[in-house]
Amino acid sequence: MKPSLNAAFIVALGLTAGACTVVTDPSSGSSAVGSSEQAGFLNRQQQIAAFASVNLERLKTDMAAGQGEYLGSLATLMEITPSDQPAFFAIAQQKFPVLFPTDRTTAAELLTALNQELRADPRFSQRLALN
């Protein structure tokens, strides 16, 4: 995930600078979020749900195109490896009508449908079974 998107994600969740720190490693271009209360911080599934909720329209646009910054960030949050991301992007684009069946599809509905589609795909089903 890009550092600017991490910062936007943290702001979107309403966290304050006192509760959370963004650390950027300029050599890798990645960021990490740290907290004095690590154990109480959002788990990965909560991060995915919050990200999808805050960025639903952007994800919808990226999924329709099969590419984009927000779709890439979702893949990173879902721990999709970089080598598997092109297949993930293709599934998102191919299954767009299933992922967004109506204009009122919620982030929770999107994630449920996306998980079902990924579990049905042999490239992702084994990895998801481990979660």
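For this structure, a couple of remarks:
- Residues within the reach of a label modelled at GLU117 (point 7 angstrom out along Cα to beta-carbon, backbone nitrogen below 12 Å), restricted to the range 54-73, are 60-67.
- Extension gain, ALA90 back to THR106 (0.36 nm per residue minus Cα-Cα distance, nm): 3.7 nm
- Summing charges over neighbours of ALA87, with a neighbour being any other residue whose Cβ is under 9 Å away from its Cβ, gives -1 when K and R count +1 and D and E count -1.
- Convex hull (Cα only) mean projected area of the range 54-118, reported in nm² to one decimal: 3.8
- What the Cβ-Cβ distance of VAL98 and THR61 gives, at R0 = 25 Å and to the nearest 0.05, is a FRET efficiency of 0.90.
Laboratory data are not the source of any read-out in this text; all were calculated from the coordinates shown. In this text the structure is predicted, and so the values were computed from the model without any measurement. Glycine also receives a Cβ, built like all others from the backbone with ideal geometry; neighbour counts cover every protein chain displayed.
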